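The values are calculated or read from the model by the stated rules, or taken from the named source; none is laboratory data. On a predicted model such as this, the values are computed, not experimentally measured, just so you know. Here the Cβ positions follow ideal geometry from the backbone for every residue, glycine too, while neighbour counts run over all protein chains shown.
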Amino acid sequence: MPRLLVTGGCSLAGTVKISGAKNSAVAIIPAALLTEAPVRIENLPEIDDIQVLVDILTYLGVRVVWETPSTLFIDASKLTKWQAPYDLVKKLRASYYLLGALLGRFQKAEVPVPGGCDLGPRPIDQHIKGFVSLGAKVDTEHGIVKLEADRLVGAEVYLDVVSVGATINIMLAAVRAEGRTVIENAAKEPEIVDVANFLNAMGAKIRGAGTDVIRITGVKELGPVNHCVIPDRIEAGTYMIAAAAAQGNVLLTDVIPKHLDPIIAKLREMNITVDVQDDQLRVIGVEQPQAVDIKTFPYPGFPTDMQSLAMVLLTQAEGSSIITENVFEGRFKHVDELKRMGARIKVEGRTAIVDGRTLLTGAPVRATDLRAGAAFIIAGLIAQGETIISDIGHIYRGYERVCEKLTALGAKIVEIE
Ligand code: UD1
């Protein structure tokens, strides 16, 4: 696997176009299996997770054609298999959406327990609870989750934890079920609204997506659809933090600023300038940002996916900051690597205390997960000397042409063997 060589000390300036949202796209592609009619999805990010999903669909017998690098045509009329292959499924966590989609289409599904980023325990009990409520029997044998229902019947599901994956998966299983499903304590992420809009455009009846109660009235079949994926708020947040950390001046285009509210608010609290205009925003860094405390929460709280990235910025702040990770209990694996670059961070349970005004120095680091990988790139950009990042497969899973986009902004980042 190649590695990334980042040379520190460059400021960032210019314009970066934000790609389609990974977390929408990885749900919308499986959702396309719910219809026999043609589906066209635009603004897909060119990332490895999407290619893996396309490979899974091809394996299942679905006709998949790339019309442009970001537009996918899907014809699942000849879909006959409901068993997903382990070798592909293990590569991304979102393959759990095949459970809901195949169950909705065939009333059965066999999908190996999914892989993805190691953020500590990531159970799928709430997904399963939803499927069982709709009438599915569940067996896990040899690492494969097997679902089967005589018929799927709408039900009330109260989620014990606010889960993006469970909310979407239950929606997928319920859109063609008989009668009405109500998901209470649902997650409210913009990606959930995007998936609901996609399904509704196919003829589904989903109301309330984006609130904590989602009502779904089952329909017998779904029709064709053309859909454009929303912008990736986490990719946008990544470039915002990069611009702020490198004391740059960067314009982000193709964003939905409303989705970025929690990130914009935190950056402004740090005295970093964020100017919002329609679907663009400009971030202008300062020499000494103000220390702030951050608590991650489900949307509209501060996203857990931005936690490691924000941590890098806080190493440069005036004063100490406290980060509390409320979503994933094992999401501080990047801390040891950052410490090797000179960061002074103390972790106690779900809390990290980050000292500001730290001189970071380049070091070899390992991308412990997708967002941590991006955090190390930003750390490398502001560090003295060279940083070499290994295990960059994680980064390519979720960031489209990251070296190209950063180089265009003035960064020194290259792939090396
Ligand atoms: C999604 C995102 C991920 C993001 C996360 C939280 C995708 C593909 N991934 O992951 O980038 O970090 O939301 O915003 O969209 N939980 C349970 N039981 C379940 C399901 C979840 O206990 O059945 C717990 C998890 O362990 C975690 C919390 O609920 O502590 C939130 O997880 P969830 O929202 O489900 O995350 P994902 O959908 O896996």
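Checking each residue in the range 17-33 for being crowded, with 24+ Cβ neighbours inside 10 Å and either of a type in the set (K, R) or touching a Leu at 6+ places or on another chain (Cβ under 7 Å) (or both) picks out I18, G20, K22, A25, V26, I29, P30, A31, L33. Assess whether D75 counts as being of a type in the set (D, E, K, R), under 26 Å from H227 (Cα atoms), more than 11 Å from the ligand (Cβ to nearest atom) and in the same structural domain as P224 (by TED's automatic domain parsing). Here the answer is yes, as D75 does meet what is asked. Counting only strands (runs of 3 or more DSSP E) that fall entirely inside the range 80-154 and contain at least 3 residues that are surrounded by fewer than 16 Cβ atoms within 10 Å (Cβ to Cβ), more than 16 Å from the ligand (Cβ to nearest atom) and modelled with pLDDT under 90, no element qualifies. Residues of the range 11-66 that are touching a His at 6+ places or on another chain (Cβ under 8 Å) and either aromatic (F, W, Y) or in a helix (DSSP H, G or I) (or both): I28 alone.
Does A37 satisfy the criteria of being touching a strand residue (DSSP E or B) at 6+ places or on another chain (Cβ under 9 Å), farther than 23 Å from E415 by Cβ, within 16 Å of the ligand (Cβ to nearest atom) and at pLDDT 95 or above?
No, not satisfied.
Restricting the search to strands (runs of 3 or more DSSP E) fully inside the range 312-417 and requiring at least 1 residues that are surrounded by 24 or more Cβ atoms within 10 Å (Cβ to Cβ) gives 321-324, 351-354, 364-366, 386-390. If the condition is being of a type in the set (S, T, Y) and buried (at least 16 other Cβ atoms within 10 Å of the Cβ), then the range 155-168 contributes S163, T167.
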